[in-house]
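Presented below is the structure to which this report refers.
What follows draws every value from the coordinates through simple rules; no lab data is involved. As the structure is a prediction and not an experimental result, all values here were calculated from the model. Reconstructed Cβ throughout: ideal geometry from the backbone, glycine too, with neighbour counts over all protein chains shown.
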Amino acid sequence: QVRLVESGGGLVQAGGSLRLSCAASGSIFTRMGWYRQVPGEQRELVAAIGIGGSTNYADSVKGRFTISRGNAKNTVYLQMNSLKPEDTAVYYCNAVVIASREDYWGQGTQVTVSS
């Protein structure tokens, strides 16, 4: 059974930093990533990383956020620096199973950046 457990959200002042973690279990995952959503808007990709380490980022976070995977490849991190109020959202971890290409979601973690 696939399970994704997120941690690391919270409240921070503008210019501050947070680190999100997502521990995935139950399968082997090819692509893992972070999405975010604010009320009334669509969920959007923040950053993703392949099993080989290739990454892609939303333009709005390039140069400020860094995505990485743990040595065991089933944990994904999002280091968020220079946070802005517009980064406020619920952040969701996403993981794609390598065999079936099914994707799974974490429960979401709130990130709030105060001005």
### Net dipole in debye of the chain [+1 Lys, Arg Cβ; -1 Asp, Glu Cβ; about Cα centre; nearest 20]
300 debye
### Task
For the range 67-109 and the range 1-59, write down the distance between their C-alpha centroids in whole Å.
2 Å
### Task
Take the alpha-carbon positions of the chain, form their convex hull, and give its projected area averaged over all directions (one quarter of the hull surface) in nm².
6.8 nm²
## Note on the structure
On the formula 1/(1 + (r/R0)^6), with r taken between the Cβ atoms of residue 59 and residue 115 and R0 of 30 Å, the FRET efficiency rounded to 0.05 is 0.90
### Summary
So the FRET efficiency between residue 3 and residue 101, C-beta based with R0 = 22 Å and rounded to 0.05, is 0.75
### Task
Pick out, in residue order, every one of the GluC sites (Glu not before Pro) in the range 1-70 that is DSSP loop and has at most 11 other C-beta atoms within 10 Å; say none if there are none.
41
### Message
Loop-only trypsin sites (Lys or Arg not before Pro) in the range 28-79, please: DSSP not H, G, I, E or B, and at most 14 other Cβ atoms within 10 Å.
### Response
62
